[in-house]
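Participant: I'd like to ask some things about the structure below.
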(Lines give C-alpha, C1' and ligand atoms only; values in the text may rest on other atoms or scores of the structure.)
Protein backbone atom coordinates (compact mmCIF):
# COMPACT_ATOMS: atom_id res chain seq x y z
CA UNK A 1 0.00 0.00 0.00
CA UNK A 2 0.97 3.64 -0.42
CA UNK A 3 0.99 5.35 2.97
CA UNK A 4 0.19 9.02 3.39
CA UNK A 5 -0.37 11.00 6.60
CA UNK A 6 -3.97 11.07 7.82
CA UNK A 7 -4.28 13.70 10.51
CA UNK A 8 -7.22 13.92 12.87
CA UNK A 9 -6.94 16.73 15.37
CA UNK A 10 -3.66 16.34 17.23
CA UNK A 11 -2.95 12.76 16.12
CA UNK A 12 -1.87 11.10 12.91
CA UNK A 13 -3.64 7.79 12.32
CA UNK A 14 -1.07 6.39 9.88
CA UNK A 15 2.67 5.74 10.13
CA UNK A 16 5.29 5.08 7.47
CA UNK A 17 7.59 2.09 8.14
CA UNK A 18 10.52 3.28 6.00
CA UNK A 19 10.09 6.82 7.29
CA UNK A 20 10.18 5.66 10.90
CA UNK A 21 13.29 3.60 10.14
CA UNK A 22 14.96 6.66 8.64
CA UNK A 23 14.05 8.70 11.71
CA UNK A 24 15.67 6.06 13.95
CA UNK A 25 18.80 6.03 11.77
CA UNK A 26 19.06 9.82 12.02
CA UNK A 27 18.83 9.70 15.82
CA UNK A 28 21.48 7.01 15.98
CA UNK A 29 23.75 9.15 13.79
CA UNK A 30 23.39 12.07 16.21
CA UNK A 31 24.52 9.93 19.15
CA UNK A 32 27.40 8.33 17.25
CA UNK A 33 28.64 11.71 16.05
CA UNK A 34 29.23 12.71 19.67
CA UNK A 35 31.41 9.70 20.49
CA UNK A 36 31.10 7.19 23.33
CA UNK A 37 29.42 8.13 26.61
CA UNK A 38 32.15 7.69 29.22
CA UNK A 39 31.13 5.46 32.14
CA UNK A 40 27.67 5.04 30.61
CA UNK A 41 25.15 2.32 31.51
CA UNK A 42 25.55 -1.19 30.13
CA UNK A 43 22.20 -2.87 30.85
CA UNK A 44 19.17 -0.62 30.52
CA UNK A 45 15.44 -1.13 30.97
CA UNK A 46 13.23 1.49 29.31
CA UNK A 47 9.57 1.44 30.35
CA UNK A 48 7.76 3.35 27.61
CA UNK A 49 10.44 2.85 24.97
CA UNK A 50 8.69 3.20 21.62
CA UNK A 51 8.29 6.96 21.08
CA UNK A 52 9.44 10.33 22.38
CA UNK A 53 11.86 10.63 25.27
CA UNK A 54 11.74 6.93 26.10
CA UNK A 55 12.73 5.92 22.57
CA UNK A 56 15.53 8.49 22.46
CA UNK A 57 16.75 7.27 25.86
CA UNK A 58 17.00 3.75 24.49
CA UNK A 59 18.89 4.97 21.43
CA UNK A 60 21.29 7.11 23.50
CA UNK A 61 22.06 4.23 25.86
CA UNK A 62 22.54 1.66 23.11
CA UNK A 63 24.54 3.67 20.60
CA UNK A 64 26.30 6.00 23.02
CA UNK A 65 27.22 3.41 25.64
CA UNK A 66 26.94 0.07 23.79
CA UNK A 67 24.24 -0.88 26.29
CA UNK A 68 22.05 -3.92 26.14
CA UNK A 69 18.47 -2.65 26.25
CA UNK A 70 15.08 -4.01 27.21
CA UNK A 71 12.07 -2.00 26.02
CA UNK A 72 8.44 -2.11 27.20
CA UNK A 73 5.52 -0.49 25.37
CA UNK A 74 1.97 -0.97 24.17
CA UNK A 75 1.69 -0.69 20.38
CA UNK A 76 -0.39 -2.14 17.57
CA UNK A 77 1.28 -4.17 14.80
CA UNK A 78 0.51 -3.56 11.16
CA UNK A 79 -1.72 -5.63 8.93
CA UNK A 80 -1.89 -6.09 5.17
CA UNK A 81 -4.20 -3.11 4.78
CA UNK A 82 -3.46 -1.04 7.88
CA UNK A 83 -0.30 0.51 9.22
CA UNK A 84 1.08 -0.23 12.64
CA UNK A 85 1.32 2.45 15.27
CA UNK A 86 4.47 4.56 15.07
CA UNK A 87 6.06 2.96 18.11
CA UNK A 88 5.87 -0.47 16.51
CA UNK A 89 7.84 0.65 13.45
CA UNK A 90 10.27 2.62 15.63
CA UNK A 91 11.02 -0.47 17.70
CA UNK A 92 11.41 -2.73 14.68
CA UNK A 93 13.90 -0.28 13.18
CA UNK A 94 15.75 0.13 16.48
CA UNK A 95 16.12 -3.62 16.96
CA UNK A 96 17.37 -4.07 13.40
CA UNK A 97 19.97 -1.33 13.92
CA UNK A 98 20.96 -2.78 17.30
CA UNK A 99 21.38 -6.25 15.83
CA UNK A 100 23.55 -4.89 13.03
CA UNK A 101 25.73 -3.21 15.67
CA UNK A 102 26.01 -6.41 17.72
CA UNK A 103 23.89 -5.04 20.57
CA UNK A 104 21.40 -6.98 22.66
CA UNK A 105 17.85 -5.63 22.30
CA UNK A 106 14.66 -7.27 23.49
CA UNK A 107 11.19 -5.76 23.54
CA UNK A 108 7.87 -6.48 25.24
CA UNK A 109 4.51 -5.31 23.90
CA UNK A 110 1.80 -5.18 26.53
CA UNK A 111 0.25 -3.26 29.40
CA UNK A 112 3.25 -1.98 31.35
CA UNK A 113 0.97 -1.17 34.28
CA UNK A 114 0.11 -4.85 34.73
CA UNK A 115 1.79 -7.29 37.10
CA UNK A 116 1.97 -9.84 34.27
CA UNK A 117 4.20 -7.65 32.10
CA UNK A 118 6.39 -6.74 35.08
CA UNK A 119 6.87 -10.45 35.82
CA UNK A 120 7.62 -11.29 32.19
CA UNK A 121 10.22 -8.53 31.90
CA UNK A 122 11.89 -9.48 35.19
CA UNK A 123 12.19 -13.11 34.11
CA UNK A 124 13.80 -12.01 30.83
CA UNK A 125 16.29 -9.79 32.67
CA UNK A 126 17.20 -12.68 34.98
CA UNK A 127 17.68 -15.03 32.07
CA UNK A 128 19.50 -12.73 29.65
CA UNK A 129 21.21 -9.96 31.60
CA UNK A 130 21.18 -10.90 35.26
CA UNK A 131 20.66 -7.31 36.37
CA UNK A 132 20.11 -3.82 34.94
CA UNK A 133 22.09 -0.73 35.96
CA UNK A 134 19.67 1.88 34.60
CA UNK A 135 15.86 2.06 34.56
CA UNK A 136 14.12 4.74 32.49
CA UNK A 137 10.44 5.32 33.22
CA UNK A 138 8.74 7.19 30.37
CA UNK A 139 5.15 6.01 30.13
CA UNK A 140 2.55 8.39 28.73
CA UNK A 141 -0.99 7.05 28.61
CA UNK A 142 -4.47 8.55 28.97
CA UNK A 143 -5.62 5.69 31.18
CA UNK A 144 -4.33 3.07 33.57
CA UNK A 145 -5.79 -0.11 35.02
CA UNK A 146 -4.56 -0.60 38.56
CA UNK A 147 -2.78 -3.98 38.77
CA UNK A 148 -4.09 -4.78 42.26
CA UNK A 149 -7.67 -3.47 42.26
CA UNK A 150 -8.55 -3.55 38.56
CA UNK A 151 -9.87 0.01 38.79
CA UNK A 152 -9.51 2.02 35.58
CA UNK A 153 -8.24 5.59 35.97
CA UNK A 154 -8.47 8.27 33.28
CA UNK A 155 -6.28 11.38 33.17
CA UNK A 156 -7.46 14.84 32.16
CA UNK A 157 -5.67 18.02 31.15
CA UNK A 158 -7.50 20.68 33.12
CA UNK A 159 -6.74 23.75 35.21
CA UNK A 160 -7.58 23.72 38.90
CA UNK A 161 -9.91 26.19 40.55
CA UNK A 162 -11.10 28.36 37.67
CA UNK A 163 -11.66 28.47 33.93
CA UNK A 164 -8.46 29.00 31.96
CA UNK A 165 -8.59 31.25 28.90
CA UNK A 166 -5.57 31.94 26.71
CA UNK A 167 -4.21 31.95 23.20
CA UNK A 168 -4.02 28.68 21.36
CA UNK A 169 -2.81 27.36 18.02
CA UNK A 170 -4.98 25.38 15.63
CA UNK A 171 -2.26 23.01 14.45
CA UNK A 172 -4.23 22.08 11.33
CA UNK A 173 -4.83 25.59 9.99
CA UNK A 174 -2.16 27.70 11.68
CA UNK A 175 -4.84 30.00 13.09
CA UNK A 176 -4.11 31.59 16.46
CA UNK A 177 -7.37 31.49 18.36
CA UNK A 178 -8.53 31.45 21.96
CA UNK A 179 -9.13 28.38 24.08
CA UNK A 180 -11.30 28.16 27.18
CA UNK A 181 -10.81 25.15 29.45
CA UNK A 182 -13.15 24.27 32.29
CA UNK A 183 -11.50 23.46 35.64
CA UNK A 184 -11.12 20.02 37.18
CA UNK A 185 -14.18 18.63 38.89
CA UNK A 186 -14.95 15.70 41.16
CA UNK A 187 -12.03 13.28 41.29
CA UNK A 188 -10.28 14.59 38.15
CA UNK A 189 -7.11 15.38 40.10
CA UNK A 190 -6.96 12.00 41.82
CA UNK A 191 -7.65 10.19 38.55
CA UNK A 192 -4.87 12.08 36.76
CA UNK A 193 -2.38 11.46 39.56
CA UNK A 194 -3.25 7.76 39.46
CA UNK A 195 -2.40 7.61 35.74
CA UNK A 196 0.48 10.07 35.37
CA UNK A 197 1.92 10.23 38.88
CA UNK A 198 4.65 8.09 40.37
CA UNK A 199 2.81 5.04 41.71
CA UNK A 200 3.59 2.77 38.78
CA UNK A 201 7.23 3.90 38.65
CA UNK A 202 7.52 2.89 42.31
CA UNK A 203 5.75 -0.43 41.66
CA UNK A 204 8.25 -1.20 38.89
CA UNK A 205 11.27 -0.39 41.05
CA UNK A 206 9.82 -2.34 43.96
CA UNK A 207 9.29 -5.39 41.74
CA UNK A 208 12.74 -5.15 40.17
CA UNK A 209 14.44 -4.68 43.54
CA UNK A 210 12.52 -7.53 45.17
CA UNK A 211 13.57 -9.81 42.32
CA UNK A 212 17.23 -8.86 42.76
CA UNK A 213 17.65 -7.57 39.22
CA UNK A 214 18.82 -4.05 40.10
CA UNK A 215 22.61 -3.71 40.02
CA UNK A 216 24.55 -1.89 42.73
CA UNK A 217 24.68 1.81 41.84
CA UNK A 218 21.57 1.59 39.64
CA UNK A 219 20.10 4.89 38.47
CA UNK A 220 16.45 5.34 37.60
CA UNK A 221 14.93 8.36 35.89
CA UNK A 222 11.42 9.57 35.19
CA UNK A 223 10.63 12.58 33.01
CA UNK A 224 8.79 15.79 33.80
CA UNK A 225 8.18 19.30 32.52
CA UNK A 226 7.72 22.66 34.22
CA UNK A 227 7.72 25.29 31.47
CA UNK A 228 7.00 29.02 31.56
CA UNK A 229 4.30 30.77 33.56
CA UNK A 230 2.06 31.16 30.51
CA UNK A 231 1.51 27.37 30.49
CA UNK A 232 1.29 26.89 34.26
CA UNK A 233 -2.53 26.98 34.62
CA UNK A 234 -2.88 24.04 32.21
CA UNK A 235 0.38 22.31 33.12
CA UNK A 236 2.40 23.00 36.29
CA UNK A 237 -0.58 24.22 38.33
CA UNK A 238 -3.13 21.98 36.62
CA UNK A 239 -4.08 18.35 37.01
CA UNK A 240 -0.97 17.15 35.19
CA UNK A 241 1.16 19.29 37.48
CA UNK A 242 -0.28 17.49 40.50
CA UNK A 243 0.76 14.22 38.87
CA UNK A 244 4.29 15.56 38.37
CA UNK A 245 4.39 16.58 42.04
CA UNK A 246 3.57 12.98 42.88
CA UNK A 247 6.45 11.90 40.66
CA UNK A 248 8.79 13.98 42.82
CA UNK A 249 7.32 12.43 45.97
CA UNK A 250 8.10 8.98 44.60
CA UNK A 251 11.61 10.03 43.58
CA UNK A 252 12.41 10.81 47.20
CA UNK A 253 10.87 7.53 48.36
CA UNK A 254 12.91 5.58 45.82
CA UNK A 255 16.12 7.25 46.96
CA UNK A 256 15.52 5.75 50.40
CA UNK A 257 14.66 2.32 49.02
CA UNK A 258 17.68 2.24 46.70
CA UNK A 259 20.17 3.51 49.30
CA UNK A 260 21.21 -0.04 50.42
CA UNK A 261 22.48 -0.75 46.89
CA UNK A 262 23.89 2.77 46.41
CA UNK A 263 21.17 3.49 43.87
CA UNK A 264 19.70 6.86 42.91
CA UNK A 265 16.37 8.03 41.54
CA UNK A 266 16.01 11.18 39.49
CA UNK A 267 13.30 13.32 37.99
CA UNK A 268 14.62 14.95 34.82
CA UNK A 269 12.84 18.12 33.73
CA UNK A 270 13.05 18.21 29.95
CA UNK A 271 12.52 20.80 27.24
CA UNK A 272 9.20 21.50 25.52
CA UNK A 273 9.18 19.46 22.33
CA UNK A 274 6.73 18.19 19.75
CA UNK A 275 5.75 14.71 20.94
CA UNK A 276 2.57 12.70 20.65
CA UNK A 277 1.82 13.66 24.27
CA UNK A 278 2.60 17.40 24.06
CA UNK A 279 0.55 17.84 20.89
CA UNK A 280 -2.57 17.07 22.91
CA UNK A 281 -2.04 19.83 25.48
CA UNK A 282 -3.84 23.12 24.69
CA UNK A 283 -1.67 26.27 24.54
CA UNK A 284 1.57 24.23 24.40
CA UNK A 285 1.79 23.94 20.56
CA UNK A 286 1.69 27.74 20.23
CA UNK A 287 4.35 28.12 22.92
CA UNK A 288 6.52 25.47 21.23
CA UNK A 289 6.24 27.23 17.86
CA UNK A 290 7.42 30.52 19.38
CA UNK A 291 10.15 28.76 21.38
CA UNK A 292 11.49 26.90 18.34
CA UNK A 293 11.86 30.16 16.44
CA UNK A 294 13.91 31.72 19.24
CA UNK A 295 16.09 28.72 20.05
CA UNK A 296 16.82 27.84 16.44
CA UNK A 297 17.91 31.45 15.82
CA UNK A 298 20.44 31.25 18.62
CA UNK A 299 21.56 27.70 17.82
CA UNK A 300 20.39 26.05 21.04
CA UNK A 301 17.41 24.06 19.77
CA UNK A 302 17.44 20.37 20.69
CA UNK A 303 15.10 17.56 19.77
CA UNK A 304 14.42 14.47 21.89
CA UNK A 305 17.62 12.70 20.91
CA UNK A 306 19.88 15.66 21.65
CA UNK A 307 18.13 16.12 25.01
CA UNK A 308 18.52 12.49 26.05
CA UNK A 309 22.09 12.25 24.81
CA UNK A 310 22.95 15.34 26.89
CA UNK A 311 21.13 13.89 29.89
CA UNK A 312 23.17 10.68 29.76
CA UNK A 313 26.45 12.24 28.66
CA UNK A 314 26.59 15.43 30.74
CA UNK A 315 24.41 14.69 33.78
CA UNK A 316 23.66 11.07 34.70
CA UNK A 317 27.07 9.64 33.87
CA UNK A 318 29.37 12.66 34.09
CA UNK A 319 29.73 12.64 37.86
CA UNK A 320 28.14 16.10 37.83
CA UNK A 321 24.31 15.80 37.58
CA UNK A 322 23.84 19.48 38.59
CA UNK A 323 20.51 19.07 40.43
CA UNK A 324 18.40 22.14 41.18
CA UNK A 325 17.21 23.21 44.64
CA UNK A 326 14.49 20.54 44.53
CA UNK A 327 16.92 17.80 43.52
CA UNK A 328 15.76 17.59 39.90
CA UNK A 329 18.01 17.37 36.86
CA UNK A 330 17.26 20.27 34.52
CA UNK A 331 17.89 19.70 30.82
CA UNK A 332 15.30 22.38 30.16
CA UNK A 333 18.05 24.82 31.21
CA UNK A 334 18.57 26.26 27.73
CA UNK A 335 14.83 26.71 27.21
CA UNK A 336 14.44 28.49 30.52
CA UNK A 337 17.30 30.98 30.11
CA UNK A 338 15.90 34.41 31.01
CA UNK A 339 16.66 36.03 27.65
CA UNK A 340 14.96 33.15 25.80
CA UNK A 341 11.86 33.34 27.99
CA UNK A 342 11.77 37.14 27.79
CA UNK A 343 11.71 37.03 24.00
CA UNK A 344 9.16 34.21 23.85
CA UNK A 345 6.99 36.09 26.35
CA UNK A 346 7.18 39.27 24.31
CA UNK A 347 6.14 37.40 21.17
CA UNK A 348 3.37 35.60 23.05
CA UNK A 349 1.84 38.98 23.89
CA UNK A 350 2.07 40.10 20.27
CA UNK A 351 1.23 36.94 18.32
CA UNK A 352 -1.93 36.62 16.25
CA UNK A 353 -2.90 34.77 13.09
CA UNK A 354 -1.57 37.55 10.84
CA UNK A 355 1.94 37.74 12.30
CA UNK A 356 2.32 34.12 13.43
CA UNK A 357 4.42 33.16 10.39
CA UNK A 358 6.89 35.88 11.33
CA UNK A 359 6.98 35.28 15.10
CA UNK A 360 6.59 31.51 15.24
CA UNK A 361 8.03 28.43 13.57
CA UNK A 362 4.84 26.74 12.39
CA UNK A 363 6.69 24.99 9.58
CA UNK A 364 9.11 23.57 12.14
CA UNK A 365 6.26 22.47 14.38
CA UNK A 366 4.44 20.73 11.52
CA UNK A 367 7.64 19.10 10.28
CA UNK A 368 8.47 17.79 13.76
CA UNK A 369 4.93 16.49 14.16
CA UNK A 370 4.95 14.62 10.85
CA UNK A 371 8.42 13.18 11.49
CA UNK A 372 7.04 11.53 14.63
CA UNK A 373 5.01 9.31 12.31
CA UNK A 374 7.72 8.76 9.71
CA UNK A 375 6.67 11.44 7.21
CA UNK A 376 8.72 14.20 5.64
CA UNK A 377 12.14 12.56 5.96
CA UNK A 378 14.68 13.06 3.21
CA UNK A 379 15.53 10.03 1.11
CA UNK A 380 12.22 8.21 1.61
CA UNK A 381 10.06 7.62 -1.47
CA UNK A 382 6.56 8.27 -0.16
CA UNK A 383 5.02 7.53 -3.55
CA UNK A 384 6.27 3.94 -3.50
CA UNK A 385 4.37 0.91 -2.30
CA UNK A 386 5.32 -0.26 1.20
CA UNK A 387 4.49 -3.30 3.29
CA UNK A 388 2.84 -2.21 6.56
CA UNK A 389 3.25 -5.65 8.14
CA UNK A 390 6.71 -5.20 9.67
CA UNK A 391 8.03 -7.57 12.33
CA UNK A 392 9.88 -6.66 15.51
CA UNK A 393 12.69 -9.25 15.63
CA UNK A 394 12.38 -10.07 19.35
CA UNK A 395 8.58 -10.24 19.18
CA UNK A 396 7.84 -11.54 15.68
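Participant: Filtering the stretch 326-365 down to residues that are part of a loop (DSSP other than H, G, I, E, B) and free of Cβ contacts under 8 Å to residues at least 40 places away in the same chain, which residue is surrounded by the fewest Cβ atoms within 10 Å (Cβ to Cβ)?
Facilitator: Looking at the filtered set, the residue picked out is 354.
Participant: Same structure again: Checking residue 316 against (1) surrounded by fewer than 20 Cβ atoms within 10 Å (Cβ to Cβ); (2) touching a residue at least 12 places away in the same chain (Cβ under 8 Å), which test does it fail?
Facilitator: (1)
Participant: Do any strands (runs of 3 or more DSSP E) lying entirely in the stretch 3-121 carry at least 3 residues that are buried (at least 24 other Cβ atoms within 10 Å of the Cβ) and touching a residue at least 40 places away in the same chain (Cβ under 8 Å), and which ones are they?
Facilitator: Of the strands (runs of 3 or more DSSP E) lying wholly inside the stretch 3-121, those with at least 3 residues that are buried (at least 24 other Cβ atoms within 10 Å of the Cβ) and touching a residue at least 40 places away in the same chain (Cβ under 8 Å) span 43-47.
Participant: At pLDDT below 95, under 19 Å from residue 24 (Cβ atoms) and surrounded by fewer than 21 Cβ atoms within 10 Å (Cβ to Cβ): is that true of residue 394 in this structure?
Facilitator: no
Participant: Can I ask one more? Kindly provide the set of residues from the stretch 272-302 that are modelled with pLDDT under 95, part of a loop (DSSP other than H, G, I, E, B) and within 15 Å of the chain's Cα centre (by Cα), ordered by number.
Facilitator: 272, 273, 274, 275, 276, 277, 281
Participant: So if I check each of 343, 311, 316, which one is at pLDDT 95 or above and over 30 Å from residue 220 (Cα atoms)?
Facilitator: On inspection, the qualifying residue turns out to be 343.
Participant: Kindly establish whether residue 388 is in a loop (DSSP other than H, G, I, E, B), buried (at least 20 other Cβ atoms within 10 Å of the Cβ), touching a helix residue (DSSP H, G or I) at 6+ places or on another chain (Cβ under 7 Å) and modelled with pLDDT of 95 or more.
Facilitator: So residue 388 passes the test.
Participant: Among the numbered criteria (1) touching a strand residue (DSSP E or B) at 6+ places or on another chain (Cβ under 9 Å); (2) surrounded by fewer than 16 Cβ atoms within 10 Å (Cβ to Cβ); (3) in a loop (DSSP other than H, G, I, E, B), which one does residue 148 miss?
Facilitator: For residue 148, the exception is condition (1).
Participant: Determine, yes or no, whether residue 230 is without any contact (Cβ under 8 Å) to a residue 60 or more places away in the chain and either surrounded by fewer than 21 Cβ atoms within 10 Å (Cβ to Cβ) or assigned to a helix (DSSP H, G or I) (or both).
Facilitator: Answer is no for this residue.
Participant: Please give the number of the condition residue 221 fails out of (1) outside any strand (DSSP E or B); (2) farther than 24 Å from residue 371 by Cα; (3) in contact with a strand residue (DSSP E or B) (Cβ under 9 Å, 6 or more places away or on another chain).
Facilitator: (1)
Participant: Report yes if residue 342 is under 17 Å from residue 228 (Cβ atoms) and under 23 Å from the mean Cα position of the chain (by Cα), otherwise no.
Facilitator: Considered against the rule, which asks whether it is under 17 Å from residue 228 (Cβ atoms) and under 23 Å from the mean Cα position of the chain (by Cα), residue 342 comes out as no.
Participant: Please determine, by comparing only the residues of the stretch 169-184 that are under 27 Å from residue 347 (Cβ atoms) and in contact with a helix residue (DSSP H, G or I) (Cβ under 6 Å, 6 or more places away or on another chain), which one is surrounded by the most Cβ atoms within 10 Å (Cβ to Cβ).
Facilitator: Step by step, filter the stretch 169-184, then rank; the result is 169.
The values are calculated or read from the model by the stated rules, or taken from the named source; none is laboratory data. Being a predicted model, the structure only gives us computed values, none of them experimental. Positions of Cβ are backbone-derived with ideal geometry, glycine not excepted, and every protein chain shown enters the neighbour counts.
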